[in-house]
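The values are calculated or read from the model by the stated rules, or taken from the named source; none is laboratory data. What you see is a predicted model, and the numbers here were worked out from it, not measured in a lab. Here the Cβ positions follow ideal geometry from the backbone for every residue, glycine too, while neighbour counts run over all protein chains shown. When the accessible area is computed, the model is the full protein with side chains, heavy atoms only, and any ligands, DNA or RNA have been set aside. Shrake-Rupley method; radii C 1.70, N 1.55, O 1.52, S 1.80 Å.
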Amino acid sequence: MCSLLLILLLCLPDPAVLAQARPDDEIQIGIEKTGQVTIVDVSVSVAATPRQTWAVLTDWDNLASFMTNVKASSLIAQSGNTVRVKQTGRAKFWPFSFDIEIEREIELFPYERIQFRLLGGDFDKMEGAIHLVADATGTRIVSHTESIPRFWIPPLIGPIMIEREMRDQFREIIGEIARRAAAGTAVPGAGDGTK
């Protein structure tokens, strides 16, 4: 996520999350700045099925329970496989921290793709997609996001902080997917016929 996806530029996790993390080189992150647009690409494999991975990525009402940078998240409307999600998170760009709000329209293609675009909030632009690709280890998550924030990002340390925060976000997502897969539980996500 989407949230995944799916939320960009949010705060750092606590040390307990880092202790459960996979090695950094398993989370591939690319960051590019083109004019005002920040492009973030993430690729990582998780030992779970696409359906198990989907359930976590689309569990918007419960994101705050496993993502430390999410203060609030809720699915506010759904029509078929199109949903609206509103989220509030905490961004940290040393030495500053502040709240970020976003509302997105998300189109769901179970269990293959989550596509999203900005409806409102603290960005002038946010759009992208998360692809789920079955592979030998389980599922590869491939995320692409393009955004223009309305808040200032330090020019030199900014990309480093974005990379660190995205890595930490995906550590938490992967940890939750692994936890649910090991426990044999899958809180249903949106677009799978159960919500």
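Numbers below:
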| quantity | calculated |
| --- | --- |
| log10 of Debye I(q)/I(0), alpha-carbon scatterers only, for region 38-136 at 0.18, 0.23 Å⁻¹ | -0.98, -1.43 |
| Virtual spin-label span in nm between ARG51 and PHE109, 7 Å along Cα→Cβ | 2.1 nm |
| Cut-off 19 Å (backbone N to label point 7 Å along Cα→Cβ of PHE151), residues of region 33-62 | 36-40 |
| DSSP-assigned coil residues among trypsin sites (Lys or Arg not before Pro) in region 124-167, each with at most 14 further Cβ atoms within 10 Å | ARG150 |
| Fully extended contour minus Cα-Cα distance, from ASP135 to ILE160, at 0.36 nm per residue | 6.1 nm |
| Karplus 3J(HN,Hα) series, Hz, for region 75-90 with 6.51 cos²θ - 1.76 cosθ + 1.60 (x for Gly, Pro) | 7, 9, 6, 8, 9, x, 9, 10, 10, 10, 10, 10, 9, 10, x, 10 |
| Exposure rank, largest accessible area first [TRP152, TRP54; 1.4 Å] | TRP152, TRP54 |
| Potential lengthening between GLU101 and ILE31 on full extension [0.36 nm per residue; Cα-Cα distance subtracted] | 23.0 nm |
| Gain in span if fully extended, ASP124 to HIS144, counting 0.36 nm per residue against the direct Cα distance | 5.5 nm |
| Distance between region 146-183 and region 96-135 - C-alpha centres, whole angstrom | 13 Å |
